[in-house]
1. Identify the GluC sites (Glu not before Pro) of segment B:313-382 meeting these criteria: DSSP loop state and at most 12 other C-beta atoms within 10 Å of the C-beta.
2. Restricting to chain A, compute how many DSSP beta bridges are antiparallel as a %, nearest 5.
3. With both bridge residues required to lie in segment A:83-232, what share of the DSSP beta bridges run antiparallel, to the nearest 5%?
4. May I ask what percent, to the nearest 5, of DSSP beta bridges between residues of the protein assembly as shown are antiparallel?
5. At what distance in nm do the modelled label points of residue A:332 and residue A:222 sit from each other, each positioned 7 Å from its Cα along Cα→Cβ?
6. Rounded to two decimals, what is Rg over Rh for segment B:338-383 when you use alpha-carbon atoms and the Kirkwood radius?
7. Per-residue HN-Hα couplings for segment B:232-242, Karplus 6.51 cos²θ - 1.76 cosθ + 1.60 at θ = phi - 60°, whole Hz, x for Gly and Pro?
8. I'd like the FRET efficiency for residue B:116 and residue B:175, computed as 1/(1 + (r/R0)^6) with the beta carbon distance as r and R0 of 41 Å, rounded to 0.05.
Amino acid sequence: MTIIEEAAPVPAPREGEDAPLLEVRDLHVEFVTREGVVRAVNGVDYNVHAGETLAVLGESGSGKSVTAQAIMGILDMPPARIPQGEILFQGQDMLKMSAEERRRIRGRRIAMIFQDALSSLNPVLSVGYQLGEMFRVHHGMSKKDARVKSIELMDRVKIPAAAARVDDYAHQFSGGMRQRIMIAMALALEPDLIIADEPTTALDVTVQAQVMDLLAELQREYNMGLILITHDLGVVADVADKIAVMYAGRIVERAPVHDLYKRPAHPYTRGLLDSIPRLDQKGQELYAIKGLPPNLLRVPSGCAFNPRCEKAEDVCRTQLPELLQVTERDGTELTGRSSACHFWKETIHG
Amino acid sequence: MAEQIRKDDEPQDATPNVSDVEVVEAHSATEAVAAIEAPVERGEPILQVRNLVKHFPLTMGILFKKQVGAVKAVDGVSFDLYQGETLGIVGESGCGKSTVAKLLMNLEKATAGEIFYKGQDISKLSGRALKAVRRNIQMVFQDPYTSLNPRMTVGDIIGEPFDIHPEVAPKGDRRRKVQELLDVVGLNPEYINRYPHQFSGGQRQRIGIARGLALNPEIIICDEPVSALDVSVQAQVINLMERLQDEFNLSYIFIAHDLSIVRHISDRVGVMYLGRMAEIGTDEQIYDHPTHPYTQALLSAVPVPDPEAREGRERIILTGDVPSPANPPSGCSFRTRCWKAEDKCAQETPLLAIPEPFRGSDSEAAHESACHFAEERDVVHAA
């Protein structure tokens, strides 16, 4: 496990600090349902640079996957709609592009890895055919060349005996191998950005470690940006450079990975960190955040977290906290840190 | 036999109060001494599993089915469960941990081996005798979305066990009993007429737990009870389960793949690999002093939610996947992925026993481990 350690302290080379690969600005996504309008994403801002890993952390219903689908342009519209916001990919707003322009970016420049590899792969086509499709469709390659390329790719993601397995079907592979095929497919056209939505949630820990290592290795090699969407605080700690924590469609905290775990600046983040048991020591009773994540049809007024927060006061119930820069006690700004809590000072400084 | 069991049962309804006191004591002791002596002090095990085997036949042909092999889901597993303790069982998918749960519940018939509940072999029971024993062993399932009938109200779901065992709650008393149970698991007793879809995942799991508790069982088998829940809700359910254990002196068999949660809740932990127990011991023995290479690899692969700890931690990345249980490797089944494997491992199956070098020592490494080359190695703590 030396690979990740080497890379972690030195941020990967970036082409100019101020030119992010992808920038999401004030993104809103709504779903029109029979019971009313569900505001799944309520003004999300984040960015990723080349070679950087952004982890988007949140529970189910927090809007983390919907944001990713909006970036990818794979939301079903309707029922979804994007009333507001910008998604800038290398400076260009993808929301203003035509369907044809977006299609050219999707897969070639931005690729996605889904959680469930078995249902993301076509069961009646061989994996080699599906991998080769990327080259045939995007590069107009012949069947024969595409097949050679597929074998190369399968080698790349360390599938043993790739040449012999290229004609196998998805069900003939194990879970970890299937996820490797998904990674191979995402890598096929050497994209600039990969969005991985819970890529290892369905896998066993030993296989999860293999797959995460592979992903990190390939990311470094191609200097790709990576958005890792997950609910697992452990996986995040292992691979991310920076983290955005989402709750009820909003980012509640943003921080570089070390700072977030050491000094959370939002009560929700703190609660999450306290509620996971430790592997290296036997704990006492677990801290549990009371209550349930909100129903997005009836998000509480003010701060959405207020009914579950121990520190909530009147202002939390009436006024929506903005995502603001977090500072040290003496006022020096903490780079890359912001929190959407009226009482972030008390939370971070204790 | 059934008669006898029922007589045995009668006083048990009253016992919780008496045994409660014992548990409270045991627990304050466990907290101090970190559960090391606890199983020893607890006397006779309530459940003894001996060489449990379950092979699922692989057949060929349509009309004349011929057995061509077997999936060795469980291949000789032995362990004890003591009153009031939690035994965690961990392992990767396909290692047979869920099959063990089904065998204990008698939902599957064991191919061989015995399960002794208070000295009586329950693996071969059927009919009325089985029904009587089942009252004392209940199960909580993984998926709170599919394990509750969507057409039944919560009251009917939790009250259904009383239809099968009417002696526990007389007809007129049931509604009150169900409401009591809802209250015990932290749900509003007024929800008794609601349907499962009106509840969130965590609340549904509470309903599942209430159903498991309905018959005042002594043992609850929990198969991945929190893995489908969100992190913030997981902690609530785990805390609830621990509270109920103290309150009713329950014994848990807690099957999960999340090693951190298992450590938190368990007094003892068993690690399974390909249908066999690789290592078993107290939580401290397994997590802080593992001697089996598989346990070490498994523990080292767990991502720890602490970016600083990751730098000092040793990580063992296993190559390859778990072999198929239909065709497990000869000798030690882990040898194909093990970095220590030698010829001996292919020829001799290692037995689950305290390894030679630690025999007679009082170190934490002296616990049962099925490896020819068992060696202590701390992979959880930063160096």
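Any read-out appearing in this document is the output of simple, stated calculations on the displayed coordinates, not a laboratory observation. This is a predicted model, so every value here is computed, not measured. Here the Cβ is made from the backbone with ideal geometry for all residues, glycine too, and neighbour counts use every protein chain on show.
1. Numbers: sites: B:314, B:342, B:348, B:364, B:368, B:375, B:376; in loops: B:314, B:342, B:348, B:364, B:375, B:376.
Here the GluC sites (Glu not before Pro) that fit, given the DSSP loop and packing criteria, are B:342, B:348.
2. Around 60 percent of the beta bridges assigned by DSSP in chain A are antiparallel ones.
3. The antiparallel proportion sits near 25 percent.
4. For the protein assembly as shown, the DSSP antiparallel bridge percentage is about 60.
5. About 3.9 nm, to one decimal.
6. Value, to two decimals: 1.01.
7. 5, 8, 3, 4, 4, 5, 4, 4, 4, 5, 5
8. About 0.65, to the nearest 0.05.
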